[in-house]
Amino acid sequence: VEQYLVRIDEHRDLNVFTEVYADEARQQADAVDQKLASGQAGRLAGMVIGIKDVLNYTGHSVRAGSRILENFTAQFTATAVQRLLDEDVIIIGRQNCDEFAMGSSNENSAFGPVRNAADTSRVPGGSSGGSAVAVQAGLCLASIGSDTGGSVRQPAAFCGVVGLKPTYGRISRWGLIAYASSFDCIGPIANNAHDAALLLEIMAGPDDFDSTVSSQPVSAYSQATLPDRPLRIAYLRDGVESAGVSESIREATKGKINELKAAGYIVEPVDISLLTYLLPTYYILTTAEASSNLSRFDGVRYGYRSVSTDTPALDLLTLYKKSRTEGFGAEVRRRILLGTFALSASYYDAYYTKAQQVRRLIRQETERLFENYDFLLSPTTPTPAFKLGEKTDDPLQMYLADIFTVQANVVGYPAISIPNGTDADGLPIGLQLMAPPFAEGALVALARTL
Ligand code: GLN
């Protein structure tokens, strides 16, 4: 704990932690010491982690990177976080992220941007940018993030660490501040696939507080091995051929493909015919869900409330409007407007219903693909980490950073991003592997061999 606290202090410029629980972490460490002495320590005894600022931890502030949760204190602890605490993890602090997990660069945070430790003029990715840099810079051993469209994997790729998004419903969402409920997944970011798997197996499993959580048995993912039969790996042709993907990333991905072939895997190119519909489907559905989820932040029940010195005091509607306008940042307001539009009476069928239909088609196409293959391989991102400010004026360019990651969320499949070398400038490159639902064991096992 002391070592991490020193490093956190040395790396304040990266803007990773929005709050450091120094004294509390020391107390947790003392308690773990005593448990170790009496032989009663949990499976994570001594593991120092950080949690993304969207996870409730009782008695601690939680802000979702937003002004609107100013002065709000969590009233309960997220199931995933509680399970880690029950195994004696030590929580060292709360990590910066894009506001309400909306973003791909960690530039949409009320706490300011996080910087990539590989090159501080570049973004760390998002939305779990703080969580990824924390592991990259050695400010804690692992982090817990959330992934709605890539927010664990994309920053892991930009920072050269491992990010695991489990199957939808594998980990309870109780206590995770919602962005898009039918996409949201809690996921670990770690130095290696083994640590990520260990955290997953402890957080996963049934929970009375989340009706969408799966009752499938949880296996020891950290001990999993590959099935003993020839394995078939599909790779996305666009990932190694498309001009939209940086050459360094295409080459690094081809390198891995050749390695796998040499190791005896059957590796074949595939096309996803609905690839161009992935991002539109994702953004229609997630903004629709977000506009509904975020309606609870009304300036009355939680956090920030607009105050007026005028008399008479603000009427109720003006209070809502002003609190939400002042409390939410530009990207969150944009998405609430988009989502409200997609759900409006006159456009519901044209946008929301249509996107739901396309979501089903994408799921069917993905299911068919996995009838013939065990894994789908692609780059995690089309480019390495970009410069701070480079894409802030162009939301569509920003959304393209998620082209390879959103599919796993649209269909609810597990996926992992692992480091795949660096480009000529020393910027990390990520490789993504996707597997069928609840095949996290095989996914982690393959990741470990790579
Ligand atoms: N970058 C994507 C978005 O802004 C993904 C975010 C996430 O996974 N939370 O929606």
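What follows draws every value from the coordinates through simple rules; no lab data is involved. Since this is a predicted model, take the numbers as computed values, not measurements. Please note: Cβ atoms are built from the backbone with ideal geometry, for glycine as well, and neighbour counts cover all protein chains shown.
A few remarks follow.
- Loop-located chymotrypsin sites (Phe, Trp or Tyr not before Pro) in the range 1-87, at most 16 other Cβ atoms within 10 Å (DSSP): 76
- If R0 is taken as 25 Å, the Cβ-Cβ distance between residue 226 and residue 194 corresponds to a FRET efficiency of 0.95.
- Cα-Cα separations in the range 2-223 greater than 21 Å, expressed as whole percent: 49 percent
- Neighbour-count ranking [beta-carbon atoms within 10 angstrom, fewest first] of 9, 88: 9, 88
- Using a Gaussian network model of the chain in which every pair of alpha carbons under 10 angstrom is joined by a spring, one finds that among 274, 164, 55 the greatest mean-square fluctuation is at 274.
- With the convex hull of the Cα atoms taken as the outline of the chain, the averaged projected area works out to 22.4 nm².
- Separation of alpha-carbon centers, the range 285-327 and the range 194-268, rounded to whole Å: 41 Å
- Computed from the C-beta positions of residue 321 and residue 424, the FRET efficiency with R₀ = 60 Å rounds to 0.75.
- Using the Cβ-Cβ distance between residue 6 and residue 390 with R0 = 22 Å, the FRET efficiency computed as 1/(1 + (r/R0)^6) comes to roughly 0.10.
- Helices in the chain, meaning DSSP H runs of at least 4 residues, each add -39500 (n - 2.57). Divided by all residues, the mean residue ellipticity at 222 nm is -11000 deg cm²/dmol.
- If the segment from residue 340 to residue 306 were pulled out straight at 0.36 nm per residue, it would be longer than the present Cα-Cα gap by 10.0 nm.
- The peptide list 89-97, 412-420, 342-350, put in order of mean Cβ contacts within 10 Å with the highest first, becomes 89-97, 412-420, 342-350.
- Which of 10, 365, 107 has the fewest Cβ neighbours within 10 Å, and the rest in rising order: 10, 365, 107
- Relative to the current alpha-carbon distance between residue 258 and residue 70, full extension at 0.36 nm per residue lengthens the span by 62.6 nm.
- Dmax and Rg, reported as Rg then Dmax, of the range 148-272 (C-alpha, Å): 16.9, 47
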